[in-house]
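Below is one structure, written out as structure tokens; comments come after it.
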Amino acid sequence: MAVPLIDFSRQLEYLRRDLEKAIGYVIDHGRFILGPEVKRLEEEIAALCGCKHAIAVASGTDALMLALHAAGVGPGDEVIVPDFSFFATAGVVSRLGATPVFVDIEEDTYNLDPNLIEAAITDKTKVIMPVHLFGQMADMDPIMAIAEKHGLKVVEDAAQAIGSAYKNRAAGSIGAYGCFSFYPTKNLGAAGDAGIITTNSDENAELVRMLRVHGQSGKYEHSLVGYNSRLDTMQAAILLIKLPHLQKWSEQRIVNADRYDEAFAGVPNITIPAVKDYTTFHIYNQYTLASPKRTSILKGLDDAKIGYCVYYPIPFHKQPCFASLGYKPEELPVTSRAAEQVFSIPIYPELTAEEQEEVIATITRLANE
Ligand SMILES: *Cc1c(COP(=O)(O)O)cnc(C)c1O
């Protein structure tokens, strides 16, 4: 039995009619950019994240870019990021003319290691940007304490973590800004690119709202140079149809993760993902195993037609575009090993029990070979 890594068509079966209706409304009212659905989405996401404001933008990458810009990051500044994340986390820092500073991760969660942050702070550091990787939040209390001690801002890359919680606090509600992506593979996925920024500060929200429309402060008046990063109304309409399902979907991912955890617990050469005591809600955007035998396991999964993906095979410090920063692999040993060992397997809510049994049986056999 072939098992895809992800299958969007299974959601469409029960969402199609509502989606088509919602798209029809937008075509009828014709307010295609920042229309009424965008405003409603912003209100609902702000409520979900326990934040005063949410500002919808064109993508998760833009959310990071605008948040860092609003936090004052520019040429000559440094931003601390984990070495292990999707490219956008580091890419946006460079695009603002600043320098990303790569810090190693925790062995068990793959998130930024708070114990290594202070050694990376210099007088150029402006922001610490933890990533809530795979849907589990980074250890925010020590990160916030370090930021406060050194007068730095924290921007949360919560692209993979919508609805997740740390000590009962929602992703996106702890740092100065939270940045979310609605890329189709995220737990709440649009039918294209979309993103949103959360904040509890009126002032921060105002600034991001201006940046999203060319820094416009009044009609054709620009108090700063901004971006064109407005969300399409069509995407907001689609997200509003999906949003009421999000909690149930994430809970089903947890059910699937628990089954995997139990099945893989005693399997040799397989490390299951850690869930920390501080994690109130892990949304499992990915379920990520690690194995020293990854090469042969992935070959076996190919043969068995079971979907997987390696998030992420190349740490930032090994990316050709960051070669000039001069990092040595031995400076970032945990990330280097993770990049060689991790692989993510099907976890989406519509995965059937039979499919999951197939994945479990195949990986268990391959790990024992
Ligand atoms: C998906 C993702 C982004 C970028 O979001 P896009 O909507 O694809 O631009 C940024 N950071 C992380 C960790 C992501 O997973």
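The values are calculated or read from the model by the stated rules, or taken from the named source; none is laboratory data. Because the structure is predicted, anything quoted here is derived from the model rather than measured. Virtual Cβ from ideal backbone geometry, glycine too; neighbours counted across all protein chains shown.
Sort out which residues of region 164-211 are touching a Lys or Arg at 6+ places or on another chain (Cβ under 9 Å), over 30 Å from Ser9 (Cβ atoms) and within 15 Å of the ligand (Cβ to nearest atom), and write them in order of number. Scanning region 164-211 gives Gly175, Tyr177, Ile197, Thr198.
Among residues of region 48-68 that are touching a residue at least 24 places away in the same chain (Cβ under 8 Å) and basic (Lys, Arg), those with a Cβ under 9 angstrom from a residue that is within 16 Å of the ligand (Cβ to nearest atom) and outside any loop (DSSP other than H, G, I, E, B), sequence gap 6+ or separate chain, pair up as Lys52/Thr198. Taking region 131-155 as the search range and keeping residues that are crowded, with 18+ Cβ neighbours inside 10 Å and in contact with a Pro (Cβ under 6 Å, 6 or more places away or on another chain), which one is nearest to Gly60 (Cα to Cα)? The qualifying residue nearest to Gly60 (Cα to Cα) is Val131. From the list Asn228, Asn269, pick out the single residue that is at positive phi and more than 21 Å from the chain's Cα centre (by Cα). Result of the check over Asn228, Asn269: Asn269. With the condition kept exactly as written, say whether any residue in region 185-192 is buried (at least 20 other Cβ atoms within 10 Å of the Cβ), within 22 Å of the chain's Cα centre (by Cα) and not in a loop (DSSP other than H, G, I, E, B). The answer is no; no qualifying residue exists. If you go through region 144-163 and keep only what is part of a loop (DSSP other than H, G, I, E, B) and either more than 15 Å from the chain's Cα centre (by Cα) or more than 16 Å from the ligand (Cβ to nearest atom) (or both), you end up with Gly151, Leu152. Of Tyr327, Tyr311, Tyr348, all but one fail to be farther than 16 Å from Tyr110 by Cβ, within 21 Å of the chain's Cα centre (by Cα), among the aromatic types (Phe, Trp, Tyr) and surrounded by 13 or more Cβ atoms within 10 Å (Cβ to Cβ); the exception is Tyr348.
Being modelled with pLDDT of 95 or more and closer than 16 Å to Ile6 by Cα is the requirement here; does Glu340 meet it?
Values: modelled with pLDDT of 95 or more: yes; closer than 16 Å to Ile6 by Cα: no.
So Glu340 fails the test.
For region 42-90, a tally of residues being over 13 Å from Tyr177 (Cα atoms), away from the ligand (no atom under 16 Å from the Cβ) and either assigned to a helix (DSSP H, G or I) or not assigned by TED's automatic domain parsing to the domain that holds Lys124 (or both) returns 5.
Report yes if some residue within region 306-319 is in a loop (DSSP other than H, G, I, E, B), modelled with pLDDT of 95 or more and in contact with a His (Cβ under 7 Å, 6 or more places away or on another chain); otherwise report no. No.
For region 243-297, name all the residues that are of a type in the set (Phe, Trp, Tyr) and not in a helix (DSSP H, G or I). Listed by number, the residues that qualify are Tyr278, Phe281, Tyr284, Tyr287.
Among the conditions (1) surrounded by fewer than 17 Cβ atoms within 10 Å (Cβ to Cβ); (2) on the phi < 0 side of the Ramachandran plot, Lys305 misses just one, which is (2).
Only one of the numbered conditions (1) crowded, with 17+ Cβ neighbours inside 10 Å; (2) in contact (Cβ under 8 Å) with a residue 60 or more places away in the chain; (3) under 21 Å from Lys186 (Cα atoms) is not met by Gln247, and that is (1). Taking the conditions exactly as written (in a strand (DSSP E or B), within 20 Å of Ala338 (Cα to Cα) and more than 13 Å from the ligand (Cβ to nearest atom)), does Val101 satisfy them or not? Yes: the conditions hold for Val101.
Within region 111-142, the residues that satisfy the criterion of being within 16 Å of the ligand (Cβ to nearest atom), in a helix (DSSP H, G or I) and among the hydrophobic types (A, V, I, L, M, F, W, C) are Leu133, Phe134, Met140.
Among the residues of region 170-184, the ones that are within 22 Å of Glu203 (Cβ to Cβ) and assigned to a strand (DSSP E or B) come to 5 in all.
Output the residue which, of all residues in region 115-130 that are more than 30 Å from Ser344 (Cα to Cα) and β-branched (Val, Ile, Thr), is surrounded by the fewest Cβ atoms within 10 Å (Cβ to Cβ). Show your work before the answer.
Here is the first cut: in region 115-130, the residues more than 30 Å from Ser344 (Cα to Cα) are 118-119, 121-126.
If we keep only those that are β-branched (Val, Ile, Thr) too, we end up with 121-122, 125.
Working: Ile121: 18, Thr122: 10, Thr125: 20.
That would be Thr122.
Only one entry in Ala353, Ala263 is over 19 Å from the mean Cα position of the chain (by Cα), more than 16 Å from the ligand (Cβ to nearest atom), among the small types (Gly, Ala, Ser) and surrounded by 13 or more Cβ atoms within 10 Å (Cβ to Cβ), namely Ala263.
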